1. Projected onto the charge dipole of the stretch 19-67 (+1 at Lys/Arg Cβ, -1 at Asp/Glu Cβ, origin at the Cα centre), which of GLN33, GLN21, ILE43 gives the Cα projection farthest towards the positive end?
2. If only Cα atoms are counted, what is the Rg of the stretch 19-67, and what is its Dmax, in Å?
3. Which of the trypsin sites (Lys or Arg not before Pro) found in the stretch 30-71 are loop residues per DSSP with 10 or fewer other Cβ atoms within 10 Å of their Cβ?
4. What FRET efficiency do you get for ALA2 and CYS59 if R0 is 35 Å and r is their Cβ-Cβ distance, rounded to the nearest 0.05?
5. Could you calculate the contour length gain from ALA66 to GLN24, that is, 0.36 nm times the residue separation minus the distance between their Cα atoms, to one decimal place in nm?
6. In the stretch 1-52, which chymotrypsin sites (Phe, Trp or Tyr not before Pro) are in a loop and have at most 13 other Cβ atoms within 10 Å, using DSSP for the loop call?
Amino acid sequence: MAFKKGVSGNPAGRPKLTAEQKEQREEFKELLQEATVEALQSIILIANDRYNKDRFNACKFIIEKAYGANTAFLLDGTEDTSPIVIEVVPRRTEDDDDEWDEVMKASPDDDLEDYEWEE
């Protein structure tokens, strides 16, 4: 059934809430707002737990709430897209010798195959 042009499909509109219903709605809203911080902390804990089966959903929820549901993370061309090199350095002691320093300061691109390793 098609609607007639210029005539509302629901002329009476949404039914008005009673005073009691309005009060219940406000109480419910206040309860939800009071629990917001604890709920977000719980979601963050789940997102940080690498073994939780709901981790992906928690991360997705946080990103969608922070940036919007249809946000695409695209590079705008102005950002540096070169690879990031992470250097893992073991804890040092005073007894370490210079050989280890040479190996650790080597670039990932350096060829260490010819290096004479002491055993």
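1. Result: ILE43, furthest along the dipole toward the positive end.
2. 14.7, 48
3. Here the trypsin sites (Lys or Arg not before Pro) that fit, given the DSSP loop and packing criteria, are ARG50, LYS53.
4. Rounded to the nearest 0.05, the efficiency is 0.20.
5. Additional length available on full extension: 12.2 nm.
6. Those that pass, being in a loop and sparsely packed, are PHE3, TYR51.
Any read-out appearing in this document is the output of simple, stated calculations on the displayed coordinates, not a laboratory observation. Remember, predicted model here, so these are calculated numbers, not experimental data. Glycine gets a Cβ as well: all are built from the backbone with ideal geometry, and neighbour counts include every protein chain shown.
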